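Take a look at the structure below.
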Amino acid sequence: MTSERNTVIGDVTLTASGIAKLANVGRAAVSNWRRRYADFPAPVGGTAASPSFNARDVEDWLRRQGKLHQAGTEHWAWRHIESYQPAGQIGDALGIAGAYLLARSTQPAHGTGLLTPRQLTGKLRTIDRELATRVGAVLPEQWGQQLTAILRTVDQLAREQDPEQAFEYLHNQYVTSPKSMSGLAGTPDPVADTMLTIAGPAGRILDFTCGTGSIARMAADRALHTGNPTRIFAQEIKPQYALIALLRLWFVHERGQRAGQPVETPMLHLGDSMLNDAFPDLRADTVVANFPFGIHDWGHDRLAYDPRWAYGMPPRTEPELAWVQHALAHLSPGGTAVVLMPPATALRPAGRRIRAELVRRGALRAVIALPTGLMPPAGIGLLIWVLTQPDEHQPTGDRILFVNAAPAGKAFTELATAAWRDFHAGRHTDEPGTQRAVPVVEILDEQVDLTPLRYLPPSGDQTTDPTHTIAGIAELQQLLIDLQHELPTVRPATTATLRTAPQAMLADLVRSGSISILRTSTRPRPLGDQTPPISPGTPNTEASTDIPAIPSDAARIRTGDILIQLIGREIIAHVATAEQVDTELTPGLQALRVDPALFDPWFVAGILSRSDNVRVASRASSSSGAPRLDLKRLTVPVLTLHEQAQHGRMFRRLAELRTKLEHTTTVGTTLIREINDGITSGHLTVDLDADAAPES
């Protein structure tokens with residue numbers, strides 16, 4: 001068993017982050033182990049700032065210390081691939097691993113020997129000659145040391161679980177790993193599912209920028225489950241992505257063959273779809289695509305008279321509108337195209353003329369706003385455009401569906417697909433704030449703005465109900481009265497305990513282990529429960545890019561954690577509320593976890609919130625202009641726990657008062673806006689005589 005385990009692990013190396021994941025702890029814990037334990041494995045490579053360690057030695061040490069978190073063969077398979085050098089060929093290493101798994105899925109292993117490159121090519125040739133040629137282009141004549149370690153682990157993995165599931169696991173690690181730089185190569189499953197559901201079943205589906213095949217594979221898998229005969233056509237410009245996508249499609253194809261279902265052979269070509277279209281004569285039933293955004297060198301000068309520009313020559317700065325027309329050119333009459341678009345394309349002046357033509361001629365059918373955080377670019381809510389190739393034998397629609405699915409969170413798929421289904425069936429159900437079928441004449445103005453929120457009035461129009469606004473005034477009056485009673489009574493201090501107490505550097509307290517600073521990664525996460533902000537008035541910030549990821553269990557907020565923004569022009573430290581406890585720490589937020597036997601959390605939060613601390617903690621400006629906060633530069637007065645608790649009660653009361661002030665400000669601002677809207681809509685008027693002060 002030990003020999004088999006050593007074969008799986010091989011000579012892979014781990015960084016501190018990799019060790020942290022293996023032990024399911026934060027990276028700071030690994031640093032502490034290196035300092036505290038003399039027998040911790042010595043580095044075998046890397047740099048002084050980012051050393052690497054032998055994985056076998058690390059696992060043995062973690063097991064002896066009782067700190068080893070369970071790691072399966074698939075974990076080590078990915079670690080081997082991630083450690084592949086040169087790093088730019090990780091995609092090739094993954095492709096070779098996938099080809100090996102595909103060969104094993106059709107002809108299970110007998111014995112213990114690895115397939116040679118020649119044997120692997122031969123087995124793939126029995127599946128498909130073109131596939132064997134594609135894989136053969138990246139195979140060496142003999143396996144080197146690195147590939148031998150990868151394939152031994154992969155060979156073991158094929159014996160333990162379904163090869164297709166194993167390759168999907170490795171693919172998911174690849175597209176989410178910052179080392180592979182492939183975050184834009186895949187489309188998250190919820191987004192791909194939404195797009196394909198809107199597109200509906202089809203006999204011919206085209207994805208002309210398929211990346212690693214997320215949309216194409218899901219389309220093939222759906223066709224297999226429904227029994228609809230479907231042919232997938234795909235094209236990709238990057239060879240590594242194209243090989244991975246082709247392998248994923250072949251896994252689905254082979255699964256269908258084993259199930260006795262007729263499955264069309266996947267058709268994937270390598271090349272630039274815009275400049276070297278692999279399917280110039282294809283007229284598909286459906287086009288579904290997630291193409292790259294903002295690439296201005298898309299061939300504008302070479303494609304000036306291209307027949308695809310039926311709706312106008314795209315400006316150089318509007319490559320997305322070139323892709324849209326490329327999609328339409330590949331549709332059969334009445335076919336549907338579903339594409340992802342950046343929000344700026346909906347309103348940029350340069351694209352106004354083409355947008356107007358798409359609307360006027362009935363090519364654009366719907367625009368759906370998605371939640372932010374689903375996929376890169378981070379912090380931007382993308383749009384789904386639904387288009388059709390007008391059929392001269394069918395009437396042109398006189399309305400366009402606009403949907404705001406952003407507030408739906410994880411349920412965005414159900415909302416978006418239900419809205420499209422009703423609209424497509426001729427049921428124009430308008431829901432304020434969510435969806436509306438807008439007449440074309442309302443859109444064709446000077447801007448031709450296709451942003452959904454422009455056409456969706458807010459839900460619950462309260463200005464039409466004067467009694468609601470009057471009740472809001474009464475609520476604000478009561479809040480102001482309550483605030484008067486909440487104001488603390490202050491007096492001059494007779495002692496200067498905090499000013500005269502010795503100070504401890506937060507950096508030293510972190511090194512001693514009495515305080516931990518927790519941060520999370522900045523990569524987009526799946527939608528889910530988000531950590532509530534630490535206070536309603538805290539400005540939006542961005543997360544530092546040099547913060548390592550920490551395991552999800554450690555990143556969950558605990559009782560007593562102190563929450564602080566990573567970036568800001570002031571430090572507002574707040575002890576986690578009951579609603580925040582057990583939620584995940586979000587990017588842009590950091591948590592201080594103190595030893596309750598040594599520190600009172602509210603005392604530490606109050607000390608850190610001192611106004612001058614932002615100057616001391618400021619490290620460098622972020623892209624928003626606000627400074628990044630390095631809390632380790634700050635100090636904490638050394639007091640007994642009893643003395644801390646006394647000051648902590650004061651700080652807690654001030655923090656609660658601040659929260660109430662911010663809530664009152666929010667209520668008052670909303671109320672003023674409602675009154676203003678009520679006056680302009682004719683539902684309210686202000687009695688100026690009643691408000692006037694009496695004359696003396």
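The values are calculated or read from the model by the stated rules, or taken from the named source; none is laboratory data. These numbers come from a predicted model, not from an experiment. Ideal geometry is used to build each Cβ from the backbone, glycine not excepted, and the neighbour counts take in all protein chains shown. All accessible areas refer to the heavy atoms of the entire protein, side chains included, with ligands and DNA or RNA removed. Shrake-Rupley method; radii C 1.70, N 1.55, O 1.52, S 1.80 Å.
Apart from one condition, residue 599 fits all of (1) modelled with pLDDT of 90 or more; (2) surrounded by fewer than 18 Cβ atoms within 10 Å (Cβ to Cβ); the exception is (2).
Here is a yes/no grid of residues against (1) over 16 Å from the mean Cα position of the chain (by Cα); (2) under 19 Å from residue 283 (Cβ atoms); (3) surrounded by fewer than 23 Cβ atoms within 10 Å (Cβ to Cβ):
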residue	(1), (2), (3)
177	no, no, yes
188	no, no, yes
195	yes, no, no
208	yes, yes, no
225	yes, no, yes
244	yes, no, no
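Filtered by the rule that a residue be open to solvent by 60 Å² or more (accessible area, probe 1.4 Å), over 20 Å from residue 75 (Cβ atoms) and of a type outside the set (Lys, Arg), the range 29-45 gives 38, 39, 42, 43. Restricting 639, 684 to residues that are part of a loop (DSSP other than H, G, I, E, B) and either more than 27 Å from residue 476 (Cβ to Cβ) or of a type in the set (Phe, Trp, Tyr) (or both) narrows the list to 639.
The residue pairs whose first member lies in the range 649-668 and is closer than 15 Å to residue 478 by Cα, whose second member is open to solvent by 80 Å² or more (accessible area, probe 1.4 Å) and part of a helix (DSSP H, G or I), and whose beta carbons are closer than 9 Å, counting only pairs six or more residues apart or on different chains, are 664/480; 667/475; 668/480.
Let's see how each residue does on (1) open to solvent by less than 40 Å² (accessible area, probe 1.4 Å); (2) under 26 Å from residue 380 (Cβ atoms):
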| position | (1), (2) |
| --- | --- |
| 241 | yes, yes |
| 256 | yes, no |
| 263 | no, no |
| 280 | no, no |
| 290 | yes, yes |
| 295 | no, yes |
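Residues of the range 308-338 being part of a strand (DSSP E or B) and in contact with a helix residue (DSSP H, G or I) (Cβ under 6 Å, 6 or more places away or on another chain), which ones? Within the range 308-338, 336, 337, 338 qualify.
Hey, any hits in the range 443-461 for a residue that's among the β-branched types (Val, Ile, Thr), closer than 25 Å to residue 310 by Cβ, touching a residue at least 24 places away in the same chain (Cβ under 8 Å) and in a helix (DSSP H, G or I)? Looking for residues that are among the β-branched types (Val, Ile, Thr), closer than 25 Å to residue 310 by Cβ, touching a residue at least 24 places away in the same chain (Cβ under 8 Å) and in a helix (DSSP H, G or I), one finds at least one in the range 443-461, hence yes. Tallying residues that are of a type outside the set (Asp, Glu) and either surrounded by fewer than 18 Cβ atoms within 10 Å (Cβ to Cβ) or touching a Lys or Arg at 6+ places or on another chain (Cβ under 7 Å) (or both) within the range 353-370 yields 3.
This table checks each residue for (1) of a type outside the set (A, V, I, L, M); (2) within 29 Å of residue 240 (Cβ to Cβ).
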| position | (1), (2) |
| --- | --- |
| 276 | yes, yes |
| 293 | yes, yes |
| 297 | yes, yes |
| 301 | yes, yes |
| 309 | yes, no |
| 325 | yes, yes |
| 335 | yes, no |
| 338 | no, yes |
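Examine the range 487-506 for a residue that is crowded, with 18+ Cβ neighbours inside 10 Å and assigned to a helix (DSSP H, G or I), and state whether such a residue exists. Yes, the range 487-506 contains a residue that is crowded, with 18+ Cβ neighbours inside 10 Å and assigned to a helix (DSSP H, G or I). Restricting the range 568-593 to residues that are of a type in the set (Asp, Glu) and within 24 Å of residue 372 (Cβ to Cβ), the residue that is least open to solvent (accessible area, probe 1.4 Å) is 584. Here residue 10 clears all of (1) at pLDDT 85 or above; (2) more than 32 Å from the chain's Cα centre (by Cα) except the condition numbered (1).
From the list 56, 34, the lone residue that is assigned to a helix (DSSP H, G or I) and without any contact (Cβ under 8 Å) to a residue 40 or more places away in the chain is 34. Residue-level analysis places residue 604 among those that are open to solvent by less than 10 Å² (accessible area, probe 1.4 Å), at pLDDT 80 or above and touching a strand residue (DSSP E or B) at 6+ places or on another chain (Cβ under 9 Å). Of the candidates 610, 615, the single residue that is at pLDDT 80 or above, over 24 Å from the mean Cα position of the chain (by Cα) and in a loop (DSSP other than H, G, I, E, B) is 610. Got at least one residue in the range 113-127 being open to solvent by less than 10 Å² (accessible area, probe 1.4 Å), in a helix (DSSP H, G or I) and touching a residue at least 40 places away in the same chain (Cβ under 8 Å)? No, that holds for no residue. Residues that are at pLDDT 95 or above and open to solvent by 10 Å² or more (accessible area, probe 1.4 Å) within the range 314-332 comprise 323, 329, 332, listed in sequence order. Checked against the criterion of being surrounded by 13 or more Cβ atoms within 10 Å (Cβ to Cβ), within 27 Å of residue 658 (Cα to Cα) and at pLDDT below 85, the range 551-564 has at least one qualifying residue.
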